[in-house]
1. If you go through the range 160-170 one residue at a time, do you hit one that is within 11 Å of the ligand (Cβ to nearest atom), out of contact with any Ser or Thr (no Cβ under 9 Å at 6 or more places or on another chain) and open to solvent by less than 10 Å² (accessible area, probe 1.4 Å)?
2. Can you say whether residue 277 is outside the structural domain of residue 80 (by TED's automatic domain parsing), within 16 Å of the ligand (Cβ to nearest atom) and either modelled with pLDDT of 95 or more or surrounded by 14 or more Cβ atoms within 10 Å (Cβ to Cβ) (or both), as far as the supplied structure shows?
3. Would you check if residue 155 is hydrophobic (A, V, I, L, M, F, W, C), within 15 Å of the ligand (Cβ to nearest atom) and not in a loop (DSSP other than H, G, I, E, B)?
4. Condition first: basic (Lys, Arg) and either outside the structural domain of residue 178 (by TED's automatic domain parsing) or within 16 Å of the ligand (Cβ to nearest atom) (or both). Can you find one or more residues in the range 57-78 that meet it?
5. Can you give me the number of residues within the range 208-223 that are surrounded by 15 or more Cβ atoms within 10 Å (Cβ to Cβ) and not in a helix (DSSP H, G or I)?
6. Among the listed residues 248, 304, which satisfies the condition of being modelled with pLDDT of 95 or more and open to solvent by less than 30 Å² (accessible area, probe 1.4 Å)?
7. Among the candidates 268, 328, single out the residue that is open to solvent by less than 70 Å² (accessible area, probe 1.4 Å) and without any contact (Cβ under 8 Å) to a residue 12 or more places away in the chain.
8. Which count do you get for residues in the range 256-297 that are β-branched (Val, Ile, Thr) and more than 19 Å from residue 308 (Cα to Cα)?
Amino acid sequence: MNVPFADLHSQYLTIREGIDEAIAAVIKTSSFIRGPFVQKFEEAFAQATGASHCVSCANGTDSLYIAMRALGVKAGDEVITTAHSWISSSETISQAGGTPVFCDTDGFSYTLDPQRIEDRITTRTVGIIPVHLYGQPADMDAIMAIARKHKLWVIEDCAQAHMARYKGQMVGSFGNAASYSFYPGKNLGAMGDAGALTTDDAALARRMAMLARHGGINKGEHEIEGINSRLDGLQAAILSVKLPHLPGWTQRRQQIARQYDALLGDVPSITTPATFPDREHVYHLYVIRHDRRDELARHLNARGIQTVINYPVALPFLPCYAHMGYQPEDFPNAYHNQSRILSIPIFPEMLDAQVQAVVAGIREFVGR
Ligand SMILES: *Cc1c(COP(=O)(O)O)cnc(C)c1O
């Protein structure tokens, strides 16, 4: 049985009428840039996440950049982020004029290790960007306690964790601002690039909105220099149709994860994702670990089961950071994990038979 890594078209088919109508409505009113559809989605997303303000923008990468510019990052400022994530988490620190300072993951949750953050703080540190990687909330109580102690801002990278919860509280509501991606494959995905920021800080929301719109809230009034980072009307209308489905899609992801946990948890050579009673994982990705990861991936791929590695080289070891001269022992957990992690298929429309086919493929491999 073929099992794709994700299946965006089957999701579209479940909500086809709503999507087609939404697209037609945008075309009919030519509300392509900003306008009522964008405003409606911003309001709906703020409400869904419990934030006072939502500022939409062109993609999740821009949202991180905009948040840092709005928080005043300048040359020489150091920003701490996780050693294992997508490149956006660190490249935007440099784009904003700062210097990325990597901190290792904790060895079990794939998120920032709060025990190691204080070692990385210097007099130049201004903020922390925890990433709720794969949909697992980072340890926000510990991270926020460090941020308060050292007077640092926090931007939560929620690109993979829409509406995940930590101790019952939604991620994105702990730090000064939260950044979201609606890249098509994300838990809430547009049909193109899209992103947003949320915050409870009205002044910060205003600065972020200005930066995303050439430095002015009203056309022609450029209080500062900004960038052009807009959510377009088509994507906003599509996202508004999809948003009400997100809780159900998340539940299905969690149900599939429970099946994988049950069916793979007893395989000694496989490490399934950590679960915590007080953290609600939303399983953007279901990432297992195995010492012979590449062989396992080849075995599954030969059986028609698609897998992905998120991410095969931890950030400090990428060529673009080679000048920093990091060694494996500087980030032992990220280094250990990068050659062992494997993301196996998980998406809301996945059939139970597909889950079983993935499990059978893995069990066949480890049985040999
Ligand atoms: C997807 C992603 C981003 C960037 O989002 P884009 O919309 O692709 O720019 C940032 N951080 C993380 C952790 C992501 O997974």
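1. Yes, the range 160-170 contains a residue that is within 11 Å of the ligand (Cβ to nearest atom), out of contact with any Ser or Thr (no Cβ under 9 Å at 6 or more places or on another chain) and open to solvent by less than 10 Å² (accessible area, probe 1.4 Å).
2. Values: outside the structural domain of residue 80 (by TED's automatic domain parsing): yes; within 16 Å of the ligand (Cβ to nearest atom): no; either modelled with pLDDT of 95 or more or surrounded by 14 or more Cβ atoms within 10 Å (Cβ to Cβ) (or both): yes.
No, not satisfied.
3. Details: hydrophobic (A, V, I, L, M, F, W, C): yes; within 15 Å of the ligand (Cβ to nearest atom): yes; not in a loop (DSSP other than H, G, I, E, B): yes.
In short, yes.
4. yes
5. From the range 208-223, those surrounded by 15 or more Cβ atoms within 10 Å (Cβ to Cβ) are 208-216; that's our starting set.
Cutting the leftovers down to not in a helix (DSSP H, G or I) gives us 213-216.
The qualifying residues number 4.
6. Values: 248 fails: open to solvent by less than 30 Å² (accessible area, probe 1.4 Å).
Result of the check over 248, 304: 304.
7. Numbers: 268 fails: open to solvent by less than 70 Å² (accessible area, probe 1.4 Å).
After ruling out the rest, the residue left standing is 328.
8. The initial filter retains those residues of the range 256-297 that are β-branched (Val, Ile, Thr), namely 256, 267, 270-272, 275, 282, 287-288.
Now narrow it down to the ones that are more than 19 Å from residue 308 (Cα to Cα): 267, 275.
Summing the residues that are β-branched (Val, Ile, Thr) and more than 19 Å from residue 308 (Cα to Cα) in the range 256-297 gives 2.
The values are calculated or read from the model by the stated rules, or taken from the named source; none is laboratory data. Since this is a predicted model, take the numbers as computed values, not measurements. Don't worry about glycine lacking a Cβ; one is built from the backbone with ideal geometry, like all the others, and counts go over all protein chains shown. Side chains included, ligands, DNA and RNA excluded: accessible areas come from the protein's heavy atoms. Shrake-Rupley method; radii C 1.70, N 1.55, O 1.52, S 1.80 Å.
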